[in-house]
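The values are calculated or read from the model by the stated rules, or taken from the named source; none is laboratory data. In this text the structure is predicted, and so the values were computed from the model without any measurement. Cβ atoms come from the backbone with ideal geometry, glycine included; neighbour counts cover every protein chain shown. Remember, those area values only see protein heavy atoms, side chains included, never the ligands or the DNA or RNA. Shrake-Rupley method; radii C 1.70, N 1.55, O 1.52, S 1.80 Å.
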Amino acid sequence: MGIEQRNIELEAENRLLKQALDNTQNIVIIKDEEAKFVYANKALLDLYKTDIATIVGKDDGFFNPNQEQVEFYRKNCKESWTPAK
């Protein structure tokens with residue numbers, strides 16, 4: 001299989017994965033070590049009334065005025081990046 005064919009297959013797989021993530025009612029996110037969004041599916045984008053270009057690089061505090069929730073999300077994210085002991 002050539003590189004061009006493999007790229008076509010990877011693009012198709014990426015489209016299928018994005019479609020699956022965007023069609024679930026559950027929120028699916030990927031954040032970096034600083035709890036900033038790298039990816040958010042349609043469920044979260046709709047909740048925050050934003051788009052992917054706007055959300056990437058920002059944290060929950062940019063969209064959510066409830067600081068208690070924001071701190072909870074930040075703490076949860078930090079704990080998920082910390083290896084279990």
* Structure fact -> Residues of the range 10-40 being closer than 15 Å to residue 73 by Cα and either open to solvent by 100 Å² or more (accessible area, probe 1.4 Å) or assigned to a helix (DSSP H, G or I) (or both), in sequence order, are 33, 34
* State which residue is nearest to residue 81 (Cα to Cα) when the search covers only the range 46-63 and only residues that are surrounded by fewer than 17 Cβ atoms within 10 Å (Cβ to Cβ) and among the aliphatic types (A, V, I, L, M). => 56
* To do: Using the structure shown, decide if residue 43 is open to solvent by 70 Å² or more (accessible area, probe 1.4 Å), among the aliphatic types (A, V, I, L, M) and either out of contact with any Pro (no Cβ under 6 Å at 6 or more places or on another chain) or assigned to a helix (DSSP H, G or I) (or both).
  => no
* Evaluate the following for residue 75: is it assigned to a helix (DSSP H, G or I) and either surrounded by 12 or more Cβ atoms within 10 Å (Cβ to Cβ) or touching a residue at least 60 places away in the same chain (Cβ under 8 Å) (or both)? => no
* Cβ pairs under 6 Å, 6+ apart, first in the range 47-70 and free of Cβ contacts under 8 Å to residues at least 40 places away in the same chain, second small (Gly, Ala, Ser) and surrounded by 14 or more Cβ atoms within 10 Å (Cβ to Cβ) -> 55/40; 59/35; 70/61
